[in-house]
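This report refers to the structure that appears directly beneath it.
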Amino acid sequence: MRDEHGELGKRPVEEGLVYEVTITDIGERSDGIGKIGGLVIIVPDATPGETVKVRITRVERKVAFGRMI
C-alpha cells in the first residue's frame, strides 16, 4: 500500500542528511514550518520567508524535524 509520500515507509528526507527548505508558516510552538516533497518539516527558530539549510534530526510518518545549520 502506498501513502501520500510514495512507497510505504519511503520518505522524501533521511535522518542525518542536510536539505534546503523554505519556511512558509509558523507552528503553534513558534517553530518554522516548511515542506520537502509534501512532507512537513518543523524547524525551531526559523521564520516564514526564510530559506534555510537543515539537518534532519527525526523522521516520522507525516512530519520530520530539522535543525538549522
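We did not get these values from a lab; they are worked out from the coordinates using the rules stated. Predicted, not measured: the structure shown is a model, and the values here were computed from it. Note: ideal-geometry Cβ built from the backbone for every residue, glycine included; neighbour counts use all protein chains shown.
Tally Lys/Arg at +1 and Asp/Glu at -1 over every other residue whose Cβ is under 12 Å from the Cβ of residue 67; what's the total? Before the final figure, lay out the partial values.
On the way: positive: 53, 55, 58; negative: 15, 31, 45.
Overall, the nearby charge balance is 0.
Over the stretch 29-69, what portion of Cα pair distances is larger than 15 Å, expressed as a whole percent?
Working: 238 of 820 pairs.
I get 29 percent for the Cα pairs in the stretch 29-69 exceeding 15 Å.
With just the Cα atoms of the chain, tell me how far they stretch along each of the three principal axes, in Å, largest first.
Sorted largest first, the three principal extents are 36, 22, 17 Å.
Output ³J(HN,Hα) for the stretch 25-37: one whole-Hz value per residue in order, computed from phi by the Karplus curve 6.51 cos²θ - 1.76 cosθ + 1.60 with θ = phi - 60°, and x for Gly and Pro.
8, 10, x, 5, 9, 6, 7, x, 10, x, 9, 10, x
Output wanted: per-residue J couplings in Hz (rounded whole) for the stretch 47-60, from phi through Karplus 6.51 cos²θ - 1.76 cosθ + 1.60, θ = phi - 60°, x for Gly and Pro.
Values per residue, Gly and Pro as x: 10, x, x, 6, 10, 10, 8, 10, 9, 6, 9, 7, 10, 10 Hz.
Return the long-range amide H neighbours of residue 50 (sequence gap of 5 or more, or a different chain), with a cut-off of under 5 Å between placed amide H atoms.
Result for residue 50 returns 23.
What order do you get for 13, 54 when you list them from fewest to most C-beta neighbours inside 10 Å? Could you put the intermediate results ahead of the total?
On the way: 13 19, 54 26.
Sorted ascending by nearby Cβ count, the order is 13, 54.
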